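For reference, the structure discussed in these notes is given below.
Just so you know, all these numbers are worked out from the coordinates, no wet-lab data involved. Computed from a predicted structure; not experimentally measured. All Cβ positions, even for glycine, are placed from backbone atoms using ideal geometry, and neighbour counts span all protein chains on display.
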Amino acid sequence: MKPARFEYVAPATLDAAVEALAAANGEGKVLAGGQSLLPLLNFRMARPTVLVDLNGIKDLSFIELRGDSVAIGALTRHREIEHSPLIASRLPVMSAAMRHVAHLAIRNRGTIGGSLSHADPAAELPMMAMLYGASLTVQGPGGRRTLMAKDFFVDALTNCLEPEDIVVEIEFPILQHDGWAFEEVARRFGDFALASIAISIRRDKSGIEDARVAVMGVADTPLRLENVEKQLCEIEVDSRMLDRFSELVTSSVTPNSDLHASAEYRKHLLGELAKRAMRTALAAKG
């Protein structure tokens, strides 16, 4: 199929892009990588009257260190994040997750801002935003404001942006942890995850001092399991550790059944992935 008729706008500045969206009166769409939007246009599941192409705004593509965090421009391609030495050294869980993002052709064009805005509950970058506690800088007609990832994802394929808003950059705090892991199961490598878990931990002599745990594919949004994080810091690291962690994780989620997998199967997968991830994270400490 072909898209319904629309007006195409290619602004050179972010201000001009926001103005074009505002003028569309809620009927505009932003084009970044287009990996999610273009199929929706072709199937006429999206029918904007105005398409605002951000690709001419070069200031939206960057990866830079800012003190205790890493900032990434919204137009930065997946492949740039995947191959960035800065991401690998400061955000290692994200670096590992990027190898699971779709397929090579999509990683060459897809952008982090587009992925977060699309808010797919089985996509890796929204999950990373939750794990790291990322903040998103958004620009609208009233200027810029900051949104936390935990408030950004509202439902499956739904975020809290206004129609005139554009994601400008995302800032990821650097976790001072010494063990981490990312695990995922999909029908084919690069497909959307049936279940996935990411963990990052810091250990001390008595056990786990600090932890982050995030999951996806088991709810309508990616989840950070803060209750599990707290309980991890109270669990003794012994021969029963992996089973206890798996039980904590699976008891914290209530997956839905769909055409890809049953709720029971997703929960089982997540439990097994939790064991594997924790084993890897603990081994990293040596």
I'd like the orientation of helix 14-23 relative to the chain: the angle between its Cα long axis and the longest Cα principal axis, in ° from 0 to 90, rounded to 10.
70 degrees
Note down, for the range 179-284, the three equivalent ellipsoid semi-axes (square root of 5 times each alpha carbon gyration tensor eigenvalue), biggest first, whole angstrom.
24, 13, 11
Per the charge dipole of the chain (beta-carbon charges, Lys/Arg positive, Asp/Glu negative, Cα centre), the residue among ALA20, HIS78, CYS160 reaching farthest to the positive end is HIS78
Along the Cα→Cβ direction, 7 angstrom out, place labels at ASP238 and MET45. What is the inter-label distance in nm?
5.0 nm
Expressed as a whole-number percentage, the relative contact order of the chain with C-alpha contacts under 8 angstrom and at least six residues apart is 15 percent
Taking the Cα centre of the chain as origin, work out the dipole magnitude from +1 charges on Lys and Arg Cβ and -1 charges on Asp and Glu Cβ, in debye rounded to 20.
740 debye
In debye, nearest 20: dipole of the range 1-158 around its Cα centre with unit charges on the Cβ of K, R (+) and D, E (-)?
340 debye
Take the alpha-carbon centre of the range 44-81, take the same for the range 246-286, and report the distance between them in whole Å.
31 Å
Okay, helix-only estimate at 222 nm for the chain: each DSSP H run of n ≥ 4 adds -39500 (n - 2.57), divide by all residues, round to 500 deg cm²/dmol; what do you get?
-9500 deg cm²/dmol
Taking amide H positions as placed in the peptide plane 1.01 Å from N, state which residues far from GLU209 in sequence (5 or more) or on other chains have amide H under 5 Å from it.
ARG202, ARG203, ASP204
Given the candidates ASN42, THR111, VAL9, the one whose Cα lies deepest towards the positive end of the charge dipole of the chain, counting +1 at each Lys or Arg C-beta and -1 at each Asp or Glu C-beta, is ASN42
If you rank TYR8, TYR265, TYR132 by fewest surrounding Cβ atoms within 10 Å, what's the result?
TYR8, TYR265, TYR132
Under 24 Å between alpha carbons, and skipping anything fewer than 8 positions from LYS29 in its own chain: which lysines qualify?
LYS2, LYS58, LYS150
Give me the mean projected area, in nm² to one decimal, of the convex hull enclosing the Cα positions of the chain.
15.1 nm²
Would you work out which of THR254, HIS177, ALA193 lies farthest towards the positive end of the dipole of the chain? Charges go on Cβ: Lys and Arg +1, Asp and Glu -1.
ALA193
Cβ neighbours within 10 Å, averaged per peptide: list 174-182, 201-209, 234-242 in order, most packed at the top.
174-182, 201-209, 234-242
The range 34-177: relative contact order in percent, alpha carbon pairs under 8 Å with at least 6 residues between
24 percent
Would the range 7-53 count as rounded, prolate or oblate if I go by the C-alpha gyration tensor, calling it rounded below 1.5 in a/c and otherwise prolate when a/b exceeds b/c, oblate otherwise?
oblate
Report the relative contact order of the range 189-286, percent, no decimals, based on alpha-carbon pairs under 8 angstrom and at least 6 residues apart.
28 percent
Which length gain, in nm to one decimal place, applies between ASN256 and ALA186 when the Cα-Cα distance is subtracted from 0.36 nm times their residue separation?
23.6 nm
